[in-house]
Each structure stands twice: as structure tokens, then as C-alpha cells.
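Undergrad: Could you have a look at this structure, given as C-alpha cells, before my questions?
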Amino acid sequence: MCNLYRMTKPADAIAALFDAMPAVGANYVEVIAPTDPGLVVARRNIQAMAWGFPRSDSRKVTGEPLKPRAVVNTRSDKIGSPFWRTSFQRRRCLIPVTAWAEPAGQKSRMTRTWFSLPGEEVFAIAGIWCNSPEWGHVYSMLTVPGHEQMEPLNDRMPVILRCEEWQIWTDGTPTAAHELCRIWEGLLEVEPTDEPWSDRTVPQEPNTQLSLPL
């Protein structure tokens, strides 16, 4: 599953690319991990939301509620479950991405391997969103079985959408949208690095833009 991605283009460039209203006043970061704010395109607006739907749980013995955890990925074969169904039917969005990362190497020494589309500075991943009581506006990525170039790092990958499929995903019927949930058939650009997987020691400076209510 994808737990890290980057989006390095400014919000106004994303608005122009996706023919959407620019974000005004939203805080977001360029390298996004679970619960971080990232940019999405929802209902023709650029919006900053937290990455991950909150899922609540409780202690088995005492029943005491636990802190919600972020569910950042939505399996395409699970979208009919009560947790995802309404968002998939009514609130589909586009997630602008420059590249996503998978961990490589030994558990204590994992590094980041980045995956992107050759020749594409930004592409769109299929997403869904909701307005949660816990964290406000949140989003999740759709995933499918992984591309052969991702072996042996991960057996699943995000759903990548071609530009001619963007409107089908956001405005089409659930059936039409679900048909877009397939393994990417083109080549991927693979960039192994020495970057530590969990390197979050230097806080990122958030970009500040205006946020439009949804």
C-alpha cells in the first residue's frame, strides 16, 4: 500500500492543469505521509485535506475508545463495504501526484524508491473524500494489484487515471468509475534512493493557499 507520495507543483499550476478553482488559504506540504495535508481536486475546486479516513476502534478488554487511525488506501475490491460505499458513490476526487514511494531494503534500514510516469511532471490518482467528525475533510487513494515493475516492493499500487478519464472518475456513474480501477498498463519510472523511509526529522514548511469549502 502507498504510505508516502510527493506533489511538488504549486497549487495555481494544479488548478490550471485540472481546470479547477484555485485553492485560497489552504495549508499543505509537498511530501505527504498519513494525516498530512495534501491537495485534491474535488467538485472542480482545489482543496487541502488530511490524507486518511479516520477509523475508530476500542480496547478489547475495557471497551475504552482508542485514538482513530488513518486509513490512507481503499482497495478497489472493497469499495462496496459500509466504510467506503457512500464516499465512492458520491464523493470521488482526483489526487495530483508527482511520484509515490515504496519502502525498500531491510526493515531497520528501509529507503524510499519513487515511482512516477515517464515524461509526466504531474499525474492523477483516483481518490475519494468525506467530511469526517474527527479530522474534517479527508481523502483516501484507490488501489489495485501492483505493476510488475513494483515487484518485490509491493503487490498493490494506486489507481492512475489518464487525463481523458478524470471527468469519468469524478462525475460518471459508480459503475463507470469502477471500470477505471485497473493496473496501469504503461511503463513506470523507478527511482531508487538512499533517502531513509521514515525521515520525518525536519518539519516541512507548509505552503499557504486559500481553501474553498466543500
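The values are calculated or read from the model by the stated rules, or taken from the named source; none is laboratory data. These numbers were taken from a predicted model, which means no experiment stands behind them. As a convention, Cβ positions derive from the backbone with ideal geometry for all residues, glycine included, and neighbour counts pool all protein chains shown.
Undergrad: Pairs needed: first member in region 29-55, more than 12 Å from Ser140 (Cβ to Cβ); second member anywhere, part of a strand (DSSP E or B) and of a type in the set (S, T, N, Q); C-beta distance under 7 Å; at least 6 residues apart or different chains.
TA: Note: pairs meeting the criteria are Pro37/Asn27; Ala48/Asn27.
Undergrad: Another question, if that's okay. Within the bounds of region 55-62, is there any residue that is more than 30 Å from Val190 (Cα to Cα) and not in a loop (DSSP other than H, G, I, E, B)? Break it down stepwise before answering.
TA: At the first step, the residues of region 55-62 found to be more than 30 Å from Val190 (Cα to Cα) are 55-62.
Filter once more, keeping what is not in a loop (DSSP other than H, G, I, E, B): 55, 58.
For region 55-62, residues more than 30 Å from Val190 (Cα to Cα) and not in a loop (DSSP other than H, G, I, E, B): present.
Undergrad: Identify the single condition in (1) modelled with pLDDT under 95; (2) within 25 Å of Leu17 (Cβ to Cβ) that Pro68 does not satisfy, given that it satisfies every other one.
TA: Among (1) modelled with pLDDT under 95; (2) within 25 Å of Leu17 (Cβ to Cβ), Pro68 violates only (2).
Undergrad: Scan (1) modelled with pLDDT under 95; (2) closer than 16 Å to Leu4 by Cβ; (3) surrounded by 14 or more Cβ atoms within 10 Å (Cβ to Cβ) for the single condition Arg200 breaks and write down its number.
TA: Against the list (1) modelled with pLDDT under 95; (2) closer than 16 Å to Leu4 by Cβ; (3) surrounded by 14 or more Cβ atoms within 10 Å (Cβ to Cβ), Arg200 comes up short only on (3).
Undergrad: Shifting gears a bit: Can you name every residue in region 21-48 that is closer than 12 Å to Leu94 by Cβ and crowded, with 22+ Cβ neighbours inside 10 Å?
TA: Gly38, Leu39, Val40, Val41, Ala42, Ile46, Gln47
Undergrad: Go over the candidates Thr35, Thr74, Thr86 one by one and state the one that is in a helix (DSSP H, G or I), within 22 Å of Glu134 (Cα to Cα) and not charged (D, E, K, R). Step through it out loud before you land on a result.
TA: Values: Thr35 fails: in a helix (DSSP H, G or I); Thr74 fails: in a helix (DSSP H, G or I).
So the residue among Thr35, Thr74, Thr86 that is in a helix (DSSP H, G or I), within 22 Å of Glu134 (Cα to Cα) and not charged (D, E, K, R) is Thr86.
Undergrad: What's the total number of residues in region 169-196 that are farther than 22 Å from Ala104 by Cβ and either touching a strand residue (DSSP E or B) at 6+ places or on another chain (Cβ under 7 Å) or surrounded by 14 or more Cβ atoms within 10 Å (Cβ to Cβ) (or both)?
TA: Of the residues in that region, 9 qualify.
Undergrad: Tell me whether region 154-163 contains one or more residues that are in a loop (DSSP other than H, G, I, E, B), farther than 22 Å from Asn3 by Cβ and either hydrophobic (A, V, I, L, M, F, W, C) or at pLDDT 95 or above (or both).
TA: yes
Undergrad: What are the residues in region 118-143 that are among the hydrophobic types (A, V, I, L, M, F, W, C), closer than 19 Å to Met157 by Cα and part of a strand (DSSP E or B), if any?
TA: Phe123, Ala124, Ile125, Ala126, Ile128, Trp129, Met141, Leu142
Undergrad: Sticking with this structure for a sec: With the condition kept exactly as written, say whether any residue in region 94-117 is assigned to a loop (DSSP other than H, G, I, E, B), touching a Gly at 6+ places or on another chain (Cβ under 8 Å) and within 15 Å of Arg162 (Cα to Cα).
TA: Scanning region 94-117, I find at least one residue that is assigned to a loop (DSSP other than H, G, I, E, B), touching a Gly at 6+ places or on another chain (Cβ under 8 Å) and within 15 Å of Arg162 (Cα to Cα), so the answer is yes.
Undergrad: Oh, and also: Residue check: is Ser81 in a loop (DSSP other than H, G, I, E, B) and either under 17 Å from Trp166 (Cβ atoms) or among the small types (Gly, Ala, Ser) (or both)?
TA: Spelling it out, Ser81 is indeed in a loop (DSSP other than H, G, I, E, B) and either under 17 Å from Trp166 (Cβ atoms) or among the small types (Gly, Ala, Ser) (or both).
Undergrad: Let me ask something else. Residue by residue through region 70-128, note down the ones that are aromatic (Phe, Trp, Tyr) and in contact with a helix residue (DSSP H, G or I) (Cβ under 9 Å, 6 or more places away or on another chain).
TA: Listed by number, the residues that qualify are Trp84, Phe88, Phe115, Phe123.
Undergrad: Still on this structure, I have one more. Please go through region 90-124 and pick out each residue that is more than 16 Å from Pro192 (Cα to Cα) and either surrounded by 22 or more Cβ atoms within 10 Å (Cβ to Cβ) or in contact (Cβ under 8 Å) with a residue 60 or more places away in the chain (or both).
TA: Listed by number, the residues that qualify are Arg92, Cys93, Leu94, Ile95, Pro96, Val97, Glu121, Val122, Ala124.
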